[in-house]
1. Using +1 at the C-beta of Lys and Arg and -1 at the C-beta of Asp and Glu, which of Leu45, Gly99, Thr21 has the Cα lying farthest in the positive direction of the dipole of region 1-148?
2. Principal axis lengths of region 155-246 from Cα atoms, whole Å, largest first?
3. Select from the chain the helices, each a whole stretch of DSSP H, whose alpha-carbon atoms run 24 Å or more along the helix axis and whose Kyte-Doolittle mean is at least -0.5; answer none if there are none.
4. Ranked highest first by average number of other Cβ atoms within 10 Å, how do 102-111, 259-268, 234-243 line up?
5. Just to be sure I understand: of the beta bridges DSSP finds with both ends in the chain, what percent are antiparallel, rounded to 5?
6. Run the accessible area of region 1-121 with a 1.4 Å probe and give the carbon-and-sulfur part as a rounded percent.
7. With the crude spin-label approximation of a point 7 Å out along Cα→Cβ, what separation in nm comes out for Ala246 versus His137?
8. Between region 252-270 and region 125-178, how far is it from one alpha carbon centroid to the other, in angstrom?
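The values are calculated or read from the model by the stated rules, or taken from the named source; none is laboratory data. Predicted, not measured: the structure shown is a model, and the values here were computed from it. Counting neighbours? That spans all protein chains shown, and the Cβs are built from the backbone with ideal geometry, glycine included. Only protein heavy atoms, including side chains, enter the accessible area calculation; ligands, DNA and RNA are left aside. Shrake-Rupley method; radii C 1.70, N 1.55, O 1.52, S 1.80 Å.
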Amino acid sequence: ELAAVAVANSPGLIGCMLVGTAAAKGYAFAWQKPLIGVNHVQAHLYSVVLQDNVTASPLLPLPFPAIGLVMSGGHSSLYHARDFDDLTRIGQTQDDAVGEAFDKVAAILQLGYPGGPLIDELAREGDPLAVRFPAGHLEKDSLNFSFSGLKTAVLYHVNGKKGRERDATSLSRQQKADIAASFQKTATAMLIEKLRRAAARYETRALVIGGGVSANSAIRAAVLKLGEELGLPVFIPPMRYCTDNAAMIAGLAHPLLVAGKTATLALDTIATV
């Protein structure tokens, strides 16, 4: 009953994608089924329609056009989505992705890995106004992101000038919690600023987020609040579908198949887009 074979062939770690794409080509050839290449970052936006049970959200199907924000360890990307198979990237990170910043700040605070959930949990104990970290805004009206300056500001705050005078072992748990909360507040504000700006610039009927960082409680709450302010419905993936998963690849492959956007056995793998 298989309709097609789908594979995440971009963007990502090239070794992993080469193996996956080769396997997918083998299955498609052996079974004589259509082959579909899926952009895994865009598939994160599709994850909002995946359900944990048979009861669909009353908001679905998703109204288009929409503004989509994908946040992960390797990507911070804004999209104007006219449909799931018709997306235009309108903003992206210029350096560190937001998920990478969470991981690096967790490392600075000696919390462990992965950093996102650990920062989120610790921040609940902290004061988000305890430390004023600078937000990277880039040029006026930009829809791009920059998190390297924020990460460096945390490093210097914790480790001193040039990041080498001390380390987080000298901090109490409360001090770490305050830093985590302050960092998270600033990172969230940077994301919301670009979402708000994109919604004002492009026709939109909904806000959509996805990717591993969309599991962050502060970011989820802030996006919901922005939706209320703008009078737009907000679509957030179930927690189990925030990180990379096969369901979102198969899910996005369906509208691509319906639209006839299939690939040949010459399908390439692309590390960055």
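1. Ranked along the dipole, the leading option is Thr21.
2. Result for region 155-246: principal-axis Cα extents of 50, 32, 21 Å.
3. Length and hydropathy pass: 14-31, 173-201.
4. 102-111, 234-243, 259-268
5. Expressed as a percentage, antiparallel bridges in the chain total about 50.
6. 58
7. 4.7
8. Comparing the Cα centres of region 252-270 and region 125-178, I get a distance of 42 Å.
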